[in-house]
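Take a look at the structure set out below.
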Number of protein chains: 2
Amino acid sequence: MKMKKFINAPENLTPELLEGLAAAYPNKIKLEEGKIVVRATPKAEDKVAIITLGGAGHEPALSGFVGYGMLDASVVGDIFAAPNAVSLLAGLRKFKRDAGILLVVLNHAGDVMSANMAMKMAEREGIKVKSILVAEDISAGINAPINDRRGLAGCIPLFKVAGAAAEEGKSLDEVYAVAEKFNKRIATLAVAMTGCTHPQNGNPIAELAEDEMEIGMGQHGEGGGGRSKIMTADETATEMFNKLANAVELKAGEKVFLVINGTGACTPMEMSIVFRKCAQLAEEKGVKVVQGIIDELLTVQEMAGFQMILCVVDDEQIKALNAKSDTPYWTSIGM
Amino acid sequence: MKMKKFINAPENLTPELLEGLAAAYPNKIKLEEGKIVVRATPKAEDKVAIITLGGAGHEPALSGFVGYGMLDASVVGDIFAAPNAVSLLAGLRKFKRDAGILLVVLNHAGDVMSANMAMKMAEREGIKVKSILVAEDISAGINAPINDRRGLAGCIPLFKVAGAAAEEGKSLDEVYAVAEKFNKRIATLAVAMTGCTHPQNGNPIAELAEDEMEIGMGQHGEGGGGRSKIMTADETATEMFNKLANAVELKAGEKVFLVINGTGACTPMEMSIVFRKCAQLAEEKGVKVVQGIIDELLTVQEMAGFQMILCVVDDEQIKALNAKSDTPYWTSIGM
């Protein structure tokens with residue numbers, strides 16, 4: 001049985017998809033050395049570069065956020081597999097500069113291992129690089145050990161906030177501080193109605209019964225502990241929003257930026273209905289959802305689910321989220 | 001059996017999703033009279049307004065393209081159902097102006113009927129309005145009668161091109177001419193691997209066997225005549241691109257803007273692989289794919305498929321496609 005996917009040879013998925021992405025957005029990005037996506041027009045060398053790494057299969061993440069105002073480069077692995085340290089080092093070398101590099105690492109074992117190795121090698125070569133770990137998944141509980149807190153799509157608004165600081169000409173320590181401040185007040189929780197198919201081997205990466213959903217499912221089908229019978233949109237939104245609000249210790253009078261990130265087959269219709277309920281829940285808590293995103297930023301193949309990303313923000317961060325950017329999947333005209 | 005969708009009461013789908021959309025993008029849009037999406041900041045009255053109409057369930061279309069540089073308003077029906085003429089008239093009344101209104105109508109029976117009735121009523125009230133019909137689907141053949149040529153997602157780049165002309169202050173006749181010139185050289189063909197579920201009644205709106213796909217399937221599961229065994233991405237892209245190229249009489253030396261519009265569960269990974277092949281096919285014909293979009297612009301619930309939209313463009317149209325816009329789902333920083 002062939003998979004119900006528009007693909008060619010499974011071993012060529014990643015290079016083919018990256019070539020397609022670069023062909024569609026030639027004004028914004030280009031592909032180097034096969035698996036490094038960089039800006040079509042590089043940022044000035046006296047500004048901090050922002051780089052990330054991650055497996056393919058989650059498009060548009062992460063490469064779709066390379067461009068003015070966000071990432072300088074994305075170093076891509078194979079499907080659901082981190083790039084190796086040598087590939088990442090090649091990416092870091094391209095951006096060696098006195099201003100330094102901020103490396104954004106999502107908390108998954110392979111990514112962390114490649115990042116740690118590449119950072120050591122880079123430092124030996126005199127490349128100035130500082131890393132920041134995104135581990136905003138709360139499915140294992142807010143006090144879970146770090147290994148149980150995965151990096152989900154919260155990295156994407158973080159790229160935006162850090163990217164704005166870098167474009168402004170802030171130093172590496174300042175860009176890091178801006179990113180870390182944002183990082184401390186974001187929390188993400190995923191939910192899935194269906195699993196999905198690994199596009200290389202055709203195997204399901206998670207399975208759910210016909211009447212089941214699961215809150216907390218990870219980006220590769222990792223269990224999240226929240227399996228239940230199917231709930232309504234409002235019930236699902238309420239359970240998830242309250243858990244996230246608790247995790248970030250949301251207080252009356254605060255402002256939030258909310259992202260409903262579709263992971264595949266979930267319709268923007270459904271995500272909008274979920275967003276509506278969250279805005280109501282926030283209002284009941286005396287909190288304002290100032291704005292947000294309802295879109296696919298980081299997918300898990302055709303999984304029918306979404307990630308809810310709650311970011312508590314101040315006016316400066318709202319400004320950064322709206323600062324000018326020009327990437328394939330997050331463009332802002334600026335304020 | 002409950003549907004695997006995050007919804008509440010089926011009869012509230014449309015108002016709830018529109019409220020959610022407005023809550024996420026308050027800087028760009030607002031909701032009026034329950035089912036009319038307008039810009040948060042209106043366009044100056046001395047410029048031509050651009051309005052469209054259509055059923056819900058296809059998010060982000062059509063309301064996601066309201067904002068600076070594109071639509072002034074989207075008048076929304078219920079799921080897969082055109083708004084009635086009275087609703088549309090209410091939308092037209094809001095934009096009564098000496099500069100006039102361009103009404104973009106997708107060729108579906110209900111939309112056309114509402115548009116014709118509302119236009120007559122509007123004209124009686126002295127509202128200046130001119131309509132343009134988008135019917136760029138080629139699944140029935142390029143010489144098929146107009147009733148068999150549906151309006152698909154080609155309307156969205158058309159909104160962009162017409163929107164840019166309107167922002168420039170062009171007259172209604174000029175904006176119409178710009179839109180009609182673009183309209184003449186676009187063609188769209190859809191493909192699906194799976195059907196999808198009607199979110200109000202839970203019924204499948206199309207069904208495909210486990211080893212089948214269908215080229216030409218319409219936006220509501222309408223048959224397209226191209227049922228076959230599953231093909232590879234490259235085979236699918238080749239068949240579709242060649243048909244589209246033939247339909248628009250693509251010639252060496254011309255430039256194209258290509259959109260791969262995901263209709264639901266098709267991953268951006270797959271769509272990028274398809275885009276890559278199209279860019280190669282174009283090159284073989286001596287044609288340059290200058291840029292494009294790989295994204296969900298108009299969905300058909302969770303259908304695993306895409307629409308390929310080929311737009312033959314000149315430099316002025318490329319400029320219009322890149323002119324400044326600020327809508328929830330198509331933002332450009334301008335050139």
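Numbers for the structure displayed
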read-out	value
Estimated distance in nm for a label pair at B:Asn116 and B:Ala144, the labels positioned 7 Å out from Cα along Cα-to-Cβ	2.0
Per residue Cα convex hull volume in Å³ - calculated over the protein assembly as shown	135
Dipole magnitude (debye, nearest 20) for the stretch A:202-328, charges at Cβ of Lys, Arg, Asp, Glu	440
For B:Val313, distant residues with modelled amide H under 5 Å away	B:Lys255, B:Val256, B:Phe257
Dipole axis of the protein assembly as shown (+1 Lys, Arg; -1 Asp, Glu on Cβ), positive-most option in A:Asn12, B:Asn8, B:Ala118	B:Ala118
Extension gain (nm, one decimal) between A:Glu235 and A:Glu207, 0.36 nm per residue minus Cα-Cα	7.9 nm
Extension gain from A:Glu168 to A:Lys288, taking 0.36 nm per residue of separation minus the Cα-Cα distance	40.5 nm
Integer Hz, Karplus 6.51/-1.76/1.60 couplings in order for the stretch A:262-276, x for Gly and Pro	x, 9, x, 8, 5, 7, x, 4, 4, 5, 5, 5, 5, 4, 4
Above-threshold pairs, the threshold being 28 Å between Cα atoms, out of A:Lys35/B:Lys288; A:Lys128/B:Lys319; A:Lys130/A:Lys251; B:Lys30/B:Lys128; A:Lys120/A:Lys160	A:Lys128/B:Lys319; A:Lys130/A:Lys251
Net length gained if the chain between B:Met335 and B:Ala252 were fully extended (0.36 nm per residue, minus Cα distance)	27.2 nm
Note, ³J(HN,Hα) from phi for the stretch B:187-194, Karplus 6.51, -1.76, 1.60, rounded to Hz, x at Gly and Pro	8, 10, 9, 9, 9, 9, 9, 9
For B:Thr327, distant residues with modelled amide H under 5 Å away	B:Ser332
Net charge of Cβ neighbours under 15 Å - reference A:Ala109; Lys, Arg +1; Asp, Glu -1	-2
Under-5 Å amide H pairs with A:Ser131, H placed in peptide plane, nonlocal only	A:Leu103
Anchor A:Lys5: lysines whose Cα lies under 16 Å away (excluding residues fewer than 8 positions away in-chain)	B:Lys229, B:Lys277
Cβ-vector label at 7 Å, A:Pro204, separations to other copies in nm	1.7
Protection proxy ranking of A:158-166, B:195-203, B:210-218 - average other beta-carbon atoms within 10 Å, highest first	A:158-166, B:210-218, B:195-203
Vicinal HN-Hα couplings computed from phi for the stretch B:216-232 (Karplus, 6.51 cos²θ - 1.76 cosθ + 1.60; Hz; Gly/Pro x)	x, 4, x, 6, 10, x, 4, x, x, x, x, 6, 8, 5, 4, 10, 6
Helix-only [θ]222 nm of chain B, DSSP H runs n ≥ 4, -39500 (n - 2.57) each, per residue, nearest 500	-9500 deg cm²/dmol
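All of the numbers you see were taken from the coordinates with simple rules; none came from a lab. Predicted, not measured: the structure shown is a model, and the values here were computed from it. Virtual Cβ from ideal backbone geometry, glycine too; neighbours counted across all protein chains shown.
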